[in-house]
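Taking it in order: structure first as C-alpha cells, then the write-up.
The values are calculated or read from the model by the stated rules, or taken from the named source; none is laboratory data. The structure displayed is predicted, hence computed values, not measured ones. Backbone-built Cβ (ideal geometry, glycine too); neighbour counts: all protein chains shown.
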Amino acid sequence: MTVDELRSLAAKQQQEIALKEKELRVKDEQLKKLKQEARKVTGTGPSKLLQELAAQAELQDQRLKKLREDQREADKVNMKNTFLGK
C-alpha cells in the first residue's frame, strides 16, 4: 500500500471511530433516561434499588454455590464410574 492509501484508510477509520463514539454517547444518554423513568415508575430510589440488587446478588451467589456442589458430586460419581468400568 502506498502512503496515500494508508492515510486514506486511517482517515476512514477515524471517521468510523468518531461515528461509533457519537452513537455510544447517544445510547448512554438513552440508558440514563430510561433508568430515571424506571425509578419514577417503580418509585424506588437508589437505596431501595441497591437493596434489591444486593438481595438478587445474594440469591445468585447461593445458586452458584449449589451448582458448584452439584458439579463436584457429579464429578465424583463420574470418577467412580470410570474406575468401575476399568
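Taking the residues in region 47-86 that are small (G, A, S) and closer than 30 Å to K35 by Cα as candidates, determine which candidate is modelled with the lowest pLDDT. Ranking the candidates gives S47 first.
Can you find, within region 34-46, the residue that is modelled with the highest pLDDT among those that are surrounded by 10 or more Cβ atoms within 10 Å (Cβ to Cβ) and not small (G, A, S)? Ranking the qualifying residues of region 34-46, first place goes to L34.
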